[in-house]
Amino acid sequence: MTGTGTVQFGTATIRYTVSFSPRRKKATIAVYPDTNVAVTVPTGTTHDSVQDLVQKKAPWILEQLGVFEHLAMFDASKRYVGGETFLYLGRQYRLKIAVGGKKQSVKLVGGYFEVTIPEDMRPELDSVRHALCAWYKEHAMQRVCDVVRIYAQRLRLDPPKVTIRHQLKRWGSCTKDGTLNINLLIIMAPMSQVEYVVAHELCHLRYKDHSSEFWDLLRLVMPDYEIRKERLRREGWRYVL
């Protein structure tokens, strides 16, 4: 026997299918790349119990959906040619490529990323991409560290070590030694989403899991975190380098 249902978490609506199995002893939830959320429960489980389970696991479900949406769009790769657009802090900038000088450089001038490639290098995809990645990483570190200091103070924490990495599956993570790993691509998002990722990971310095205490702490320092989280889930596929 199967059925369907919906659960509201913040501004997000989670639609799921539920299957009842007489051989199942406990409930499981699976999230698939086609965005299907499948719940399997023992026969006799009530609708309210299924709803409560999905509601409890909603943060994890939305995180998995965001990963699949991001990966699905990742193949829309950039060509790194003049006129192509790139995001920075939520705004689009056109790429302008010049050849000259002794070293590569990137400048944000008006509505353009101006990338200069040395005369002894061809302005190919790899050279332009390398220049842009280096620029993004430098500016991501500056912006993220500024946000870390602000929210660490609100949480009464010492600012932790920060690393910036190009990751596919996570916007951020917190290691056992308290280091924050932040995805390079988040610097393409508006500052509200950058702040959400940083605050989320800082709260993990207090609570390692996604318990109710974790979400209560995040809500304390960022009352609108659910709105920011949902926007990142919807828009994250656009942040491609």
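The values are calculated or read from the model by the stated rules, or taken from the named source; none is laboratory data. Owing to the predicted nature of the structure, the values given are computational and were not obtained by experimental measurement. Please note: Cβ atoms are built from the backbone with ideal geometry, for glycine as well, and neighbour counts cover all protein chains shown. The accessibility values were calculated without ligands, DNA or RNA, using every heavy atom of the protein model including side chains. Shrake-Rupley method; radii C 1.70, N 1.55, O 1.52, S 1.80 Å.
Over the chain, DSSP H runs of length four or greater, each weighted -39,500 (n - 2.57), average out per residue to a 222 nm ellipticity of -12000 deg cm²/dmol. The angle separating the long axis of helix 58-73 from the principal Cα axis of greatest extent in the chain is about 40 degrees.
One Cα centroid belongs to the range 77-119, the other to the range 174-213; the line between them spans 29 Å. When nucleic acids and ligands are ignored and a 1.4 Å probe is applied, Lys169 ends up with an accessible area of around 140 Å². The relative contact order of the chain comes to 16 percent, based on Cα pairs under 8 Å that sit 6 or more residues apart. Measuring only protein heavy atoms, the 1.4 Å probe finds Leu108 accessible over about 60 Å². Accessible surface ranking for Val198, Val31, Val81, 1.4 angstrom probe, highest first: Val81, Val31, Val198.
Across the chain, where is the longest run that never hits chymotrypsin sites (Phe, Trp or Tyr not before Pro) in a DSSP loop with at most 15 other C-beta atoms within 10 Å? For chymotrypsin sites (Phe, Trp or Tyr not before Pro) (loop position, at most 15 other Cβ atoms within 10 Å), the longest site-free span of the chain is 75-206. Lysine pair count for the range 84-241 with Cα-Cα distance under 14 Å and sequence separation of 8 or more or different chains is 4.
Each DSSP beta bridge with both residues in the chain is either parallel or antiparallel, and the antiparallel ones are about 60%.
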